Every structure is written in structure tokens, then in C-alpha cells.
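Taking it in order: structure first as C-alpha cells, then the write-up.
We did not get these values from a lab; they are worked out from the coordinates using the rules stated. Since this is a predicted model, take the numbers as computed values, not measurements. Here Cβ is always computed from backbone atoms with ideal geometry, including for glycine, and neighbour counts include all displayed protein chains.
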Amino acid sequence: MLLVLLNCCITDQKPANQTNVTKYTTSPINPTKSEPAKVTTSSAVKKPTTTATSIRAAATTRRIEVTSTIPGKETSTASVLDIPIPSNTHCFYFRNKDLPECSKFFEGSGFACRQYYNPVCGSDGLFYPSACWAERLGTKVASYSQCESMKRFVRDLWATKRLTGKRYIVPSPDIEFVYSNVNDNWKSGTWIRSQLFKNPSEYVIMDFNVFVAQGANMSTSTIASRTSSVAKAGKQKALMVYILFDDVFPEHVLLDWTKKYEKPLNDYLRQKQHLREPTQLDITPVVISPPEGVGRPKNLEQFLDPQQTDKVYQAAIRKAGSANYAAIIISPIALGMQIRHPGYHTTWKNTTLILTLSDEYVSYSETDRIRGLAALSSFHSVFGKLQHEMLHAFGLPGDHGLLDSGYFLDYFNQNVDKTTGMKGQSKTSKCDFIAVSPDYYPMELPDNLKTTVGKEPAELAKQQSPSGNCLEGFYTGELLKDFDLDGEYEIMYKNELVAPPLQRSLGWMDVDGDNIAELDDKDPYGGFKEISAPTSEGSTPLSGFEPLGEVNIGDCVFEKIRLTSGQEGLAPLKCAEFDSDAVNLYKQVRYYWVPIKKPYGTVLLARLG
């Protein structure tokens, strides 16, 4: 069951050439694992430069044989490779903009290229987030796709054992790139993310942290978790509970507007979830007074304790006359609420509990059109926030990184070429932008709030446009627009943006090339396998390594390495005894190392977090 608490007040993506033309009405209704052996060592390899401020990567490698990470296939000798990313990738983190090596990454007060993800493989064999970045950093585009070297890198990271003993064989991993998030409350920096859904309700996220503010750089972090709600759930009955602390809206207005805004919410989910059974909510709205002991919200984390939540739930189902709901949405409504983070996600009785709050409410008026429009504008944000918290329930990490990149026009002033990510030359007004953006929906105003062209309220600023005039001036930033050029304004509603990077991560799109979205695929990600082995190994702290050359011992091939601490050992590249540990090693990556004493020396087995 999904329990969503919305402290409501109002505040993706279709194909780029598709425009929303459906207009939703909001007219009021009534309430309702050897011996000593001869050792041969090859010439040492020069130590790579890997500092916190200069992360270097080369397209060349010492050998071309690569370990197959797919069970049943012939395994060749592993290699010591370079990460296939450009030099100074830490410069994709906005806070590093003043470092001298980062000058190419910035222009004026912002990035030289838009924060946009349509990956390309450069002629240097390295990964770039877009063609714009390849050109800016001095290379040409070889292909508009992930480099094979990048795919191999991510496969090898998945195949390397974790400290837990688990490893993953992922023939076709999803690969996303996150950068520029500077929010102190969440993970920020730049990292490569690969998310894997084991089934519709269990997933694993692996991040290769290039440079992050909240963790160890040039290392991985892996998190296994469960969704709170299954995305491919089909139609779900939902109970939406409004707790009316103040006389902000008449009951019939909340009931009617809820059913009207349900339509674009479901339409957006249906378009984004390329699944056989996309989630669709059938919402039953109810309005209740605060139950005894339930006080006004001061912060979302402490708004309702379990007992209070139960009181709200019981009061709501009594009024609704039914308890048969797959989702519960609770939305407190009160005037004067000033809560910094109007969204919260936890669980209650094994049920998803989401609290979300509008920044500010305005009391509705049936007769004062400006107050009525301002109230509708404040209510307007409720469904965008509801959809945002639903994304968390479906597996969106709390860092929100994948909400900040993608090949879509996020904001009207991005003005980018959707193939190359290059900045455009023309400027588009917001009024014209929302006329073609696939992320906006025109919502028809209630009869008593109808606003016509030529009779605009003086309190609202007017923008004239051949795509339809716009009116602005609401605290929450919404616009009214004559979207269909019929002489009447509509309020323009936008859901939380969902671009391809997030769709792929959540399993809503095809990743492995079989034209089946991964959540619907019987063999997702090319037929991945999770391999587990109990372990009680001791390991070194995270450490980089210097490759010193190959060592042949009997039938085994090792790479002699020196850790940052000065400890030396042998990393298996091909050896039956260490078969599952012989994977490609990457010079810039910091690993945990498990020492195994052998008559011929200390074997160091690479592990990831």
C-alpha cells in the first residue's frame, strides 16, 4: 500500500514534437581461493597521476585481452585499464569551477554546455555526456552512443565482488551520469550511476563516485533496497485525505479539483512508464477535520506519529465508507505554513508514508477572482508533489540526481539542440515555451474563475504571444495561457519532470536493446545474475594502486601492485584458484583489498563497497 501524505497547496516526457492538446476542466461539483614457483616479472609500468584535483584517463591499455564476465563463456586474461572518462571529470561538479584545471568546463557563471545527457563516444575512445562536451573538451564525436569501453567499465564494476561477497553479472547495464547537484542536504558532485531492478519491487544501485561531497572519491557505493510501491501496478484505488486545519477551500472545490488533476497525473505516468500495466490512480478524495490529538504541522518529519496517522486513516475511511484502497494520500491544509522541505518519504505499518506540503496556501474565494485564481495556483502544486513522491516510492534515490539531467528541455531558457546538447542561438519566452513543451498541461478554469482575453485582471502581468497570451503574477509561479487560442485562459500545470535517464533507471524503458522495458522483461539487462557467497574476509581501507608489471606463477598470471600504503602484492588476472576474483582492474579506482598469504607471496583481491 502506498501512503502519501500531502500537505497540499498548489503550487517529462512525451516526444519532443508532441504537444499536449487535452484540456482538463475544473468546474465545481457538489461534495462527495599453490607451491613455490618460478616467478617472472615484466617491466614495471609508470605510475598514473591520480589526485583529487586531476583525475586523468587514457584511451590506451596495456593489453587487449579482457575477462569475460558472463558465465559459460571463455575467460581470457584480465587487464589493468584506465577509466574511459575525460581528464578532470571532477570539474563537472559546479563547486570545483574555480580550480585552474576546470576552466574549460565553465563559461561565465555557468557550465560551458547545458546540464544535459545524450552520451557520445569520442574519437579518443572516452565517454562524454553530450556532443557539446566532447567538442568543448577537445575531441570529435565517433558515435552517439556509450563507448564499448564505458560499457565494459560498468560491467566490470558490477562483476567485482563486494565486501559482502555479492557480485553481479550484468551484460547490458544501464549507465547514467549525474553532475552539478549542489544541494547540501543530498548527495552532490558527479558520479556514474547504474541501477538494476531484480524484480519490480527490489533494486540495486551502484554509483561510481568520481567526485562527491558526501563520500570517498574514485570508489563505488552499492545500495540494495525495495520499492515502497510497485510501478507496474495497473489501476490502483487511492484514498486522498485532506485535513482541513483552516477554512481555506470549500469541500466541493477540493473534491472536484482532485478528480480533474488526477487526469494529467495519470496521463503523464502512462506516457513515461513504457510498461504493460503502468500505474494509474483512481482517487477518492475526502475532506476531514483534524482528529483529536492531531495538531497543525510544524515540520513534515514530526507532523504525524504512528498513532496520529492511524487516527487520520480511521476518520478518512469512515467518511469514505470503504477501507479497500491500495494507496492513501494525506494532505493537511493550513494557512501560514512555512516548511523548508515540503516533501518527506518513510513507511508506516509496512506502508509507504509520504508527506508533502505546499509552500503557501491562499484562501479560496468564489467571488474574488484574483483570490480564487491564487488559491487554485496554490492547490495546483499538490499533484506535482504527489507525483514526485510517487517516484521515490518507485525507486528514485533521495539524492534526486537523475531529476537534474536528461535530454529534455527542463527550463524554458535552456534552449539546447536535443541531439548535440549545444546551446541554441534564439531565446524563447516562457510563455512561448509552455506552448510546445511536452511537460505542461492546460487546465480549464472553473466557471467562476473564467478569464478572457481582453478582460484580464489588472493585478496580473500580461505577455502577448502569437502562441497565446499569458498572465503571470502568482506567488507559486504558475501561468495562465490562452493555450488553445479560444479567447479564454487556462492554468498551465506541470508534473515533476521525468526524462529518459530516470525512466531507464526506474526500469520504465528498454535498456538491453530487446524493445522491452526492463520491468516487463523476463531477462532484464541482457540476463543479469546475482552471485552471492558468504564471506568473513578482512580487508584494507580503501586504497588506490600502482601497477608494477605482470608476474607469471605456474599457470597463473598476476599483476604485481603497490597500494597507496606501500604494501605490495599480487592481483590475479588469470588463475583457476581465484577465478571469480580475476576481473579487469582500473588504475584510478580505489578498492578495498583482501590479503591472502601464499607460499609465493601475498595475493591481493580487489573488493568494492
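Note: region 472-609, Cα convex hull, 244 Å³ per residue. Working from Cα pairs under 8 Å separated by at least six residues, relative contact order for region 192-262 is 22 percent.
Applying 1/(1 + (r/R0)^6) with R0 = 35 Å to the Cβ-Cβ distance of ASN350 and ASP246 gives a FRET efficiency near 0.60. In order along region 162-178, phi translates into HN-Hα couplings of 7, 4, 7, x, 7, 8, 10, 9, 10, x, 10, x, 6, 10, 10, 10, 10 Hz, rounded to whole numbers, per the Karplus curve 6.51 cos²θ - 1.76 cosθ + 1.60 with θ = phi - 60° and x for Gly and Pro. Distance between the modelled labels on THR452 and SER76, one decimal in nanometres: 7.6 nm (7 Å Cα→Cβ projection). Here is the list for region 519-582: trypsin sites (Lys or Arg not before Pro) lying in DSSP coil, each with at most 11 other C-beta atoms within 10 angstrom of its C-beta, are LYS522. Once the chain from ARG95 to ASP523 is taken as fully extended at 0.36 nm per residue, the excess over their C-alpha distance is 150.0 nm. If you take the Cα centroid of region 256-330 and the Cα centroid of region 497-555, the two points sit 37 Å apart. Computed from the Cβ-Cβ distance with R0 of 45 Å, the FRET efficiency linking SER365 to SER225 stands at 0.50. Within region 551-597, the proportion of C-alpha pairs whose separation exceeds 13 Å stands at 59%.
Extension gain, SER532 to GLN308: 0.36 nm times the residue separation minus the Cα-Cα distance gives 76.5 nm.
Against the empirical curve 2.2 N^0.38 Å, the C-alpha radius of gyration of region 76-231 lands at a ratio of 1.09. Using θ = phi - 60° and the Karplus form 6.51 cos²θ - 1.76 cosθ + 1.60, what ³J(HN,Hα) does each residue of region 596-602 get, whole Hz, x for Gly and Pro? Using θ = phi - 60°, the values come out as 10, 6, 10, x, 8, x, 9 Hz.
Straight-line reach from LYS455: taking Cα to Cα under 13 Å and skipping same-chain neighbours fewer than 8 places apart, the aspartates and glutamates in range are ASP482, GLU488.
The string of couplings for region 235-250 from the Karplus curve (6.51, -1.76, 1.60, θ = phi - 60°) is 6, 10, 7, 10, 9, 10, 10, 9, 9, 8, 7, 10, 7, 9, 10, x Hz, one whole number per residue in order, with x for Gly and Pro.
For LYS418, a cut-off of 17 angstrom between C-alpha atoms picks up these lysines, skipping any fewer than 8 places away in its own chain: LYS14, LYS427.
Beyond 20 Å in Cα-Cα separation lie the following of the pairs LYS166/LYS529; LYS560/LYS597; LYS104/LYS140; LYS104/LYS587: LYS104/LYS587. Size descriptors for region 246-396: radius of gyration and Dmax over Cα atoms are 15.6, 46 Å. A full extension of the chain between LYS104 and GLU577 corresponds to an added length of 165.6 nm, given 0.36 nm per residue minus the alpha carbon distance.
Here the simple spin-label model places points 7 Å from the Cα toward Cβ, and for GLN464 and TYR144 these points are separated by 3.9 nm.
Shown here is the pair-distance distribution of region 167-250: with all Cα-Cα distances grouped in 10 Å bins from zero up to the longest one, the shares run 14, 31, 25, 18, 11, 2 percent. Placing dummy labels 7 Å off each Cα toward the beta-carbon, the span from GLN567 to GLU202 is 3.2 nm. In a DSSP loop and with at most 12 other Cβ atoms within 10 Å, the GluC sites (Glu not before Pro) in region 416-504 are GLU459.
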